[in-house]
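Have a look at the structure below before the remarks.
The values are calculated or read from the model by the stated rules, or taken from the named source; none is laboratory data. Everything quoted here is computed from the prediction, not taken from an experiment. Here the Cβ positions follow ideal geometry from the backbone for every residue, glycine too, while neighbour counts run over all protein chains shown. These accessible areas exclude ligands, DNA and RNA; they are computed on the full protein's heavy atoms, side chains included. Shrake-Rupley method; radii C 1.70, N 1.55, O 1.52, S 1.80 Å.
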Amino acid sequence: MTGSRPSRPTLQEQEADHLWWRDGVIYQIYPRSFMDSNGDGIGDLEGIRRRLDHLAWLGVDGIWLSPCFPSPMADFGYDVSDYCNIDPVFGNLEDFDRLLTDAHSRGIRVILDLVPNHSSDRHPWFQAARSSRADPKRNWYVWRDPKPDGAPPNNWNSVFGGPAWEFEPQTGQYYLHTFLKEQPELNWRNPEVVSAMHDIVRFWFNRGVDGFRLDVIHAIAKDPELRDNPEVDGVQLRLHNENHPDVHGMLRELRRLVDSYDARMLVGEVYLMDPAKVATYYGLGDELHLAFNFSFMHAPWDAAAFRTHVARFAALVPEQGWPDHVLSSHDARRHASRYDHATLGEERCRLAALMLLTLRGTPFLYYGEEIGMRNVEIPVNAMQDPLARTLTPQMCRDGERTPMQWQPGLGAGFTDGSPWLPFGIDVETRNVSRQMADPTSLLHLYRDAITLRRQNPVLHSGSFQTLDSAEQVFAFERRDGGTRALVALNFGTTPINPRLPAASVHGGLRTHRQSPLAGDAASLQLGPCEGAVLLTDG
Ligand code: GLC
Ligand code: CA
């Protein structure tokens, strides 16, 4: 796959000093739910701008905004009808420029969410394409004749349920859609589509945007013959409509464009559970800068599981690449809920935070995790996510997309109006202002761990090595020249000495904030679900 391309220098060779997306912490914002500035109950760009001080205080280096482009919102922005503008519900281009300027003035970079695999069916490109078989835009999408019996051209299923093909009677053909029928698939085998996408990337880079998260990037190329997918035990394997080898060439072209700008980056949603496949999307340092490793996100609450996922991905990412870790997003139950526990739920949030912020690899935080926001139960008749309708209410993603809990009281500091989704039932006690006032809160732990990471390069750039410890402990070492950080995370419910090597401790932090740090690492005692990072000499 990589052929005889020249291998790039390693990141360390390329860039001795700070690289924001490698050494920093990135924070995902779901724009509908972060901050509403005009009382319509929906978050917007001006709202995000007004909350930048929270993000600067927390210490994040970049924000990734889920799509804020014009959209009919069939999939809440992942159906784009104009890639070079802002949806009026979020504001306009001037609001965007103001947000960008104010973020940059605080040292915060801005990543936009590009949806290259499909557009909205209301995009003028698709409107033209569907109008006639002879339209010059017809081939920007994927059209095929029905089978002789009228059936869809092949057996591909939509990820969102039902066939991946929709019949258009006016032109007598089906079009392909991997997601909703309102999200027709763009045809990346058409050079005009590729060049339109490159123009979009230039448009935002020229405005000052720092990077892109690429939605379902592993699916942009399909089998050219559109062969049927095999089925195993009634389950369709997505062999011919995702992870096609031709995606890599498309990414290399895009990367060349990105590299013609200064310090920009690409992080890809490569939604494959096999980390070996995910790692191929780094190429030889000439494809993605970062690829999300979803196997880590789906790990059960178990020290050995995390140890395995982290070590496996670390071994797979090429040395020109860089790992990353993420526990929550707009597509999965929040980890505070996934890992909740009758008595140790809050401790688990703390331990997860310390793990995320001490591993080797860029941490991605999801808004609200810094205060331990849980998934919110949404009554079936109030569900908004199309998945609740096309699949089942159990698949509904509204629960992880509820408004940020800023303060107690009506509107929770999020809105003066009525919020588009309800707040968590814990909003009066679990909110930013409450935790800001409490130095032992989860919010302060996030902030202190981010600060420690920034102040001690060993914690972002140092090497990574797992350490032998007890079954219930995930312990590892980070090293950078003469400095060392030892991390021990007790996933169990009983206290334990993790048996770290002897070394005198000169800094660090514990998730149980009141306990003093150990004098010598070997004597560290951890409580149930407690974790510690200890800075020691070499
Ligand atoms: C990605 C997004 C998800 C969206 C889908 C279709 O998986 O993260 O939210 O529904 O793509 O665009
Ligand atoms: Ca608003």
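General observations
- Among the residues listed as Phe126, Phe90, the single one being of a type outside the set (D, E, K, R), in contact (Cβ under 8 Å) with a residue 40 or more places away in the chain and within 16 Å of ligand 2 (Cβ to nearest atom): Phe90
- Any hit, segment 332-353, residues being touching a Phe, Trp or Tyr at 6+ places or on another chain (Cβ under 8 Å) and at pLDDT below 95: no
- Considering the conditions (1) charged (D, E, K, R); (2) in contact with a strand residue (DSSP E or B) (Cβ under 8 Å, 6 or more places away or on another chain); (3) surrounded by 21 or more Cβ atoms within 10 Å (Cβ to Cβ), Arg374 is excluded by exactly one of them, (2).
- Residue within segment 26-35 that is charged (D, E, K, R) and away from ligand 1 (no atom under 16 Å from the Cβ) present: no
- Among the candidates Glu530, Glu471, residue that is open to solvent by 10 Å² or more (accessible area, probe 1.4 Å), charged (D, E, K, R) and under 25 Å from Tyr339 (Cα atoms): Glu471
- Unique residue being out of contact with any Lys or Arg (no Cβ under 8 Å at 6 or more places or on another chain), touching a residue at least 12 places away in the same chain (Cβ under 8 Å) and of a type in the set (A, V, I, L, M) when the list is Ala103, Ala151, Ala164: Ala164
- Qualifying residue in segment 132-153 (condition: hydroxyl-bearing (Ser, Thr, Tyr) and assigned to a loop (DSSP other than H, G, I, E, B)): yes
- Taken as a whole, segment 177-192 holds no residue that is open to solvent by less than 40 Å² (accessible area, probe 1.4 Å), in a helix (DSSP H, G or I) and within 24 Å of Leu65 (Cα to Cα).
- Looking only at residues in segment 377-394 that are under 22 Å from the mean Cα position of the chain (by Cα) and surrounded by 15 or more Cβ atoms within 10 Å (Cβ to Cβ), the one that is farthest from Cys349 (Cα to Cα) is Pro386.
- In summary, Gly161 fulfils each of the numbered conditions (1) modelled with pLDDT under 95; (2) in contact with a Gly (Cβ under 7 Å, 6 or more places away or on another chain) with the single exception of condition (2).
- Condition met for Val270 (more than 16 Å from ligand 1 (Cβ to nearest atom), of a type outside the set (S, T, N, Q) and touching a strand residue (DSSP E or B) at 6+ places or on another chain (Cβ under 8 Å)): no
- Flag if Thr343 is open to solvent by 60 Å² or more (accessible area, probe 1.4 Å), more than 23 Å from His298 (Cα to Cα) and more than 16 Å from ligand 2 (Cβ to nearest atom): no
- Any hit, segment 135-150, residues being within 28 Å of Gly47 (Cβ to Cβ), open to solvent by 30 Å² or more (accessible area, probe 1.4 Å) and touching a helix residue (DSSP H, G or I) at 6+ places or on another chain (Cβ under 7 Å): no
- Of the residues making up segment 329-345, at least one is of a type in the set (Lys, Arg) and either more than 16 Å from ligand 1 (Cβ to nearest atom) or within 23 Å of Gln465 (Cα to Cα) (or both).
- Restricted to segment 399-445, and to residues there that are of a type in the set (A, V, I, L, M) and outside any helix (DSSP H, G or I), the residue that is surrounded by the most Cβ atoms within 10 Å (Cβ to Cβ) is Met404.
- Any chance Glu166 is open to solvent by 10 Å² or more (accessible area, probe 1.4 Å), in a strand (DSSP E or B) and of a type in the set (Asp, Glu): yes
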